[in-house]
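This report refers to the structure that appears directly beneath it.
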């Protein structure tokens, strides 16, 4: 059943067959107030709105990006959950599937295609100084 709901766009996650792992949000309707923030912030079309219930529903679970928990982090009522310990779950997938070999290749390909994604050490230092200045201005 799960394999049939994985969307075409998210069939793999860094080389991992997405259908091999169940990863999508679950809504606790005893906590959900129907604010709709989950639907509005999900960029992958996982949620739909039920006019009948006046609440969001997980309509496209296979579109959820593995590792993404944005909806749960932003939910003001803590009504959205993922596996008990998402970090542990993902670490196990990363180790089992040897994801870093694929990630290294994906990173190289991206940097070759988009050289502007690289920064110099000078840029990093300038950002650190600007950030420190902003922090001290807020305190002062």
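The values are calculated or read from the model by the stated rules, or taken from the named source; none is laboratory data. Predicted model, so just to flag it, every value in this text is computed and none were measured. Virtual Cβ from ideal backbone geometry, glycine too; neighbours counted across all protein chains shown.
Here are a few things to note about the model shown:
- Selected residue (only one of 67, 54, 34 is at positive phi and touching a residue at least 24 places away in the same chain (Cβ under 8 Å)): 67
- Qualifying residues in the stretch 20-46 (those that are in contact with a helix residue (DSSP H, G or I) (Cβ under 7 Å, 6 or more places away or on another chain) and closer than 19 Å to residue 88 by Cα) - the one surrounded by the fewest Cβ atoms within 10 Å (Cβ to Cβ): 22
- Extreme residue, surrounded by the most Cβ atoms within 10 Å (Cβ to Cβ), among residues of the stretch 64-86 that are modelled with pLDDT of 90 or more and in a helix (DSSP H, G or I): 71
- Odd one out for residue 95, checked against (1) in contact with a helix residue (DSSP H, G or I) (Cβ under 8 Å, 6 or more places away or on another chain); (2) outside any loop (DSSP other than H, G, I, E, B): (1)
- Condition met for residue 105 (surrounded by 11 or more Cβ atoms within 10 Å (Cβ to Cβ) and under 20 Å from residue 11 (Cα atoms)): yes
- Hits in the stretch 27-63 - residues which are part of a loop (DSSP other than H, G, I, E, B) and under 14 Å from the mean Cα position of the chain (by Cα): 42, 43, 44, 45, 46, 61, 63
- Residues that are at pLDDT 95 or above, in contact with a strand residue (DSSP E or B) (Cβ under 6 Å, 6 or more places away or on another chain) and surrounded by 18 or more Cβ atoms within 10 Å (Cβ to Cβ), drawn from the stretch 47-63: 47, 56
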